[in-house]
1. Looking at (1) surrounded by 19 or more Cβ atoms within 10 Å (Cβ to Cβ); (2) closer than 30 Å to residue 26 by Cβ, which one does residue 183 not meet, given that it meets all the others?
2. I'd like to know if region 162-172 contains one or more residues that are part of a loop (DSSP other than H, G, I, E, B) and in contact with a strand residue (DSSP E or B) (Cβ under 8 Å, 6 or more places away or on another chain).
3. If you check every pair at least six apart or on different chains, which have Cβ atoms under 6 Å apart with a residue in region 180-204 that is over 21 Å from residue 152 (Cα atoms) and assigned to a helix (DSSP H, G or I) first and a residue that is modelled with pLDDT of 95 or more and basic (Lys, Arg) second?
4. Looking at 45, 55, 60, 83, can you tell me which residue is assigned by TED's automatic domain parsing to the domain that holds residue 156, surrounded by 21 or more Cβ atoms within 10 Å (Cβ to Cβ) and farther than 21 Å from residue 196 by Cα?
5. Residues of region 116-134 being surrounded by 12 or more Cβ atoms within 10 Å (Cβ to Cβ) and either more than 15 Å from residue 148 (Cα to Cα) or modelled with pLDDT of 95 or more (or both), which ones?
6. For region 283-306, state whether one or more residues are buried (at least 19 other Cβ atoms within 10 Å of the Cβ), closer than 30 Å to residue 156 by Cβ, touching a Phe, Trp or Tyr at 6+ places or on another chain (Cβ under 9 Å) and not assigned by TED's automatic domain parsing to the domain that holds residue 173.
7. Of these, 94, 25, which one is assigned by TED's automatic domain parsing to the domain that holds residue 128 and either within 22 Å of the chain's Cα centre (by Cα) or under 28 Å from residue 292 (Cα atoms) (or both)?
8. For residue 93, state whether it is of a type outside the set (Phe, Trp, Tyr) and in a helix (DSSP H, G or I).
Amino acid sequence: MDDLKPIIRVEHLHKAYGTTVAVQDISFEVQPGEIFGIVGPNGAGKTTTVECLAGLRTPGSGSLRVLGMDPTNQAGSLRQRIGVQLQQAALPEDIKVWEALDLFASFYAHPLDWRTLLEPWGLADKRNARFGGLSGGQKQRLFITLALVNDPELVFLDEITTGLDPQARRTTWEAIEQLRQHGKTVVLVTHFMDEAQTLCDRVAIIDHGSLVALDSPQALVAGLNVDSRVVFAAAGADSYQWLRDVPGVSQVERQNGSVVVSGQSGVLLGVASALAQRGLAPTDLRSEQASLEDVFLALTGRKIRD
């Protein structure tokens with residue numbers, strides 16, 4: 001995708017509210033067809049960044065181009081071509097699902113037939129339900145559907161799975177993949193690192209308003225050069241220190257009632273074999289690879305939910 005013209009270009013974006021700096025000198029590009037993640041803890045500046053890109057806030061300084069347009073000076077034209085689902089979205093309690101969709105469709109010159117969006121987003125049986133009577137997950141799905149009603153080229157999704165149960169979350173992930181298959185570019189804002197690692201082609205990690213890393217999840221994880229981990233439940237790690245003699249093992253420790261064995265790639269096979277030779281067969285033996293959570297911890301010195 002390097003030879004494609006960026007669909008978003010951000011150069012030295014800065015935004016402050018009084019003495020509070022929300023976004024500090026952020027630069028990145030998004031290529032057409034990407035699922036691009038803006039990830040970090042709550043309050044990191046993710047939503048402010050998206051609001052500037054969507055023309056909802058005016059940057060303090062820096063240069064922004066979205067679909068070749070300036071979001072500040074061409075916000076009206078830009079909104080005809082983008083879809084936005086913000087974390088703090090709200091609707092009147094008494095508005096019905098179909099009324100909200102019909103209303104939002106009227107804002108655009110060339111909207112989709114909103115009825116075609118009900119089934120894919122699990123709202124077909126809620127067509128006549130009032131917004132105030134929807135569950136948290138149903139409200140979130142309605143907001144997502146409203147962001148798609150104009151058939152946008154670029155979709156901003158802010159904390160899209162917050163409040164969803166595991167099944168609805170998985171369904172939402174599949175729908176995001178479908179958006180890309182239909183030629184959409186997606187900017188996904190999330191504080192769920194597993195979500196970003198599963199869905200995103202590249203991620204920008206933001207912390208305290210600053211960009212601390214930008215690359216594919218695979219490259220960021222590979223760059224850690226950390227050990228693989230083998231985990232199994234046991235009363236304590238002291239009685240398993242003999243596993244340190246297994247080739248490739250570097251450390252054996254106890255964490256939250258489990259034994260955690262760290263070592264080189266492929267250490268699982270050696271540990272499993274050594275346990276079997278002693279007649280030990282933990283039913284929950286598993287391998288854990290490094291993740292974006294580990295990347296964030298390495299870059300900031302804290303877990304993302306601290």
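1. All conditions pass for residue 183, except number (1).
2. Checked against the condition, which is being part of a loop (DSSP other than H, G, I, E, B) and in contact with a strand residue (DSSP E or B) (Cβ under 8 Å, 6 or more places away or on another chain), region 162-172 yields no hits at all.
3. Once the first residue is over 21 Å from residue 152 (Cα atoms) and assigned to a helix (DSSP H, G or I) and sits in region 180-204, no partner that is modelled with pLDDT of 95 or more and basic (Lys, Arg) comes close enough.
4. Within the list 45, 55, 60, 83, the selection yields 55.
5. Of all residues in region 116-134, those surrounded by 12 or more Cβ atoms within 10 Å (Cβ to Cβ) come to 117-118, 120-124, 126-127, 129-131, 133-134.
Matches in region 116-134: 124, 126, 127, 129, 130, 131, 133, 134.
6. yes
7. Numbers: 94 fails: either within 22 Å of the chain's Cα centre (by Cα) or under 28 Å from residue 292 (Cα atoms) (or both).
Matching residue, one of 94, 25: 25.
8. no
The values are calculated or read from the model by the stated rules, or taken from the named source; none is laboratory data. Since we're looking at a predicted model, the values are computed, not measured. Please note: Cβ atoms are built from the backbone with ideal geometry, for glycine as well, and neighbour counts cover all protein chains shown.
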